[in-house]
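J.: Supplied in C-alpha cells, the structure appears directly below.
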Amino acid sequence: MRRKLVAGNWKMNTTLAEARALAGAVAAGVGASPSVDVAVCPPYPWLVPVADALKGSAVALGAQDVSAEPKGAFTGEVSPGMLLEAGCRYAIVGHSERRHVIGESDSLINHKVHAALEAGLHVILCMGETLAERDRGLMERVFQRQVYSALAGLTDEQFGRLVIAYEPVWAIGTGRTATPDQAQEAHAFVRARVASLYGEKIASGLPILYGGSVTPDTAAGLFAQPDVDGGLVGGASLKADGFLAIVRAVV
Ligand code: 13P
C-alpha cells in the first residue's frame with residue numbers, strides 16, 4: 001500500500017510573517033497523526049523559521065530546489081546537506097518552472113536527484129508535458145525521456161525515498177486542471193515506464209502525485225484515481241483552509 005502525500009509548493013510567495021502564520025495554521029490543522037503525509041515547501045530564506053513553526057508537528061519541510069553540488073564556489077546555490085541541516089525532509093527537483101523558465105536540463109536534473117538522495121533527502125521529482133507536446137501526441141515520448149534520464153543509476157534504497165509529481169505544464173497556475181481520467185492515464189503510463197525500466201516492485205511502491213491547479217473542488221476526483229497518490233499544490237497551498245481541505249480530500 002503506497003503512502004499518500006500532499007505537499008504545498010509555495011513558490012516565490014509569502015513574507016516571513018505570512019510564512020510563519022501559514023506553517024503554524026497547517027501544522028495545527030493537520031494534527032498529531034494524520035493518515036496522509038503532509039509537507040510544505042517555502043522559499044529558501046524561510047526554511048529555518050518555518051522549521052521552527054512546524055516543530056513538534058506532523059508536517060514535514062521541503063525545499064523547492066537543491067544544488068547538484070555538495071559545497072564550494074557555486075554562487076546562489078544551496079546544497080543538499082544545507083537543506084538537511086535546515087530541517088528539510090524533501091527537495092523538489094525538476095519543477096517545470098525550473099525546466100522551462102530557468103532552463104534546467106535532463107542531465108542536471110539527474111545530477112540533482114542523485115545528490116539529494118545520496119545526502120539523505122527524499123526527492124519529489126516533477127515531470128510533465130507542455131501543451132504543444134500534448135497536442136502533437138508526444139506525451140508518452142516526453143515521459144519516457146524524463147523517467148529514463150532523471151532516474152538512471154538509482155539504487156533500490158534510493159527509489160524508496162523518491163516521489164514523482166506529474167505536473168502537466170499547461171495546468172500549472174492556469175486554473176486548467178487535468179481531468180481525473182487524464183491524470184490517471186498519465187500516472188499509469190509513468191508507472192508502467194518505471195516498471196519497464198526499473199522493475200515492477202519499484203514501480204508499484206512509487207508514490208505519484210498530481211500537480212497543476214489542484215483546488216479543494218478538484219482534489220477528491222483526482223485523488224480517487226488508483227494511480228494518483230496525492231498532490232503537489234501551488235496556488236491553493238497559500239491559504240491554510242484550502243490546503244487543509246485538499247489534505248482531507250485524500251483521506
Ligand atoms: P498550481 O497549483 O498553482 O497550478 O501549481 C502547481 C505546481 O506547480 C506545484 O508545484
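The values are calculated or read from the model by the stated rules, or taken from the named source; none is laboratory data. Nothing here was measured: the structure is a model prediction, and the numbers come from that model. Note: ideal-geometry Cβ built from the backbone for every residue, glycine included; neighbour counts use all protein chains shown. Just so you know, the surface numbers come from the protein's heavy atoms only, side chains and all, with ligands and any DNA or RNA stripped out. Shrake-Rupley method; radii C 1.70, N 1.55, O 1.52, S 1.80 Å.
J.: Consider only pairs whose beta carbons are under 6 Å apart and that are at least six residues apart or on different chains; among these, list those whose first residue lies in the stretch 81-99 and is within 10 Å of the ligand (Cβ to nearest atom) and whose second residue is part of a helix (DSSP H, G or I).
T.: That search, which allows pairs on different chains as well, returns S96/V169.
J.: Look at D65 and say whether it is among the acidic types (D, E), at pLDDT 95 or above, surrounded by fewer than 24 Cβ atoms within 10 Å (Cβ to Cβ) and out of contact with any helix residue (DSSP H, G or I) (no Cβ under 7 Å at 6 or more places or on another chain).
T.: No; evaluated as a whole, the condition is false for this residue.
J.: Step by step: first the residues of the stretch 216-250, then only those that are of a type in the set (V, I, T) and closer than 23 Å to V123 by Cα, then the one that is nearest to the ligand (Cβ to nearest atom). Which residue is that?
T.: V233
J.: Looking only at the stretch 177-213, how many residues end up being in contact with an Asp or Glu (Cβ under 6 Å, 6 or more places away or on another chain), open to solvent by 10 Å² or more (accessible area, probe 1.4 Å) and aliphatic (A, V, I, L, M)?
T.: 1
J.: Which one is farthest from C88 (Cα to Cα), of the residues in the stretch 15-39 that are within 16 Å of the ligand (Cβ to nearest atom) and in contact with a Phe, Trp or Tyr (Cβ under 7 Å, 6 or more places away or on another chain)?
T.: V26
J.: Okay, moving on. Across the stretch 103-129, which residue is farthest from Q158 (Cα to Cα) among those that are open to solvent by 10 Å² or more (accessible area, probe 1.4 Å) and among the hydrophobic types (A, V, I, L, M, F, W, C)?
T.: Across the stretch 103-129, the extreme among qualifying residues is L108.
J.: What are the pairs, 6+ residues apart or on separate chains, where a residue within the stretch 213-226 that is in contact (Cβ under 8 Å) with a residue 12 or more places away in the chain and closer than 15 Å to A186 by Cβ has its Cβ under 7 Å from a residue that is within 12 Å of the ligand (Cβ to nearest atom) and assigned to a helix (DSSP H, G or I)?
T.: Taking only residues 6 or more apart or on different chains, the pairs are S213/A171; V214/L222; V214/A236; V214/I246.
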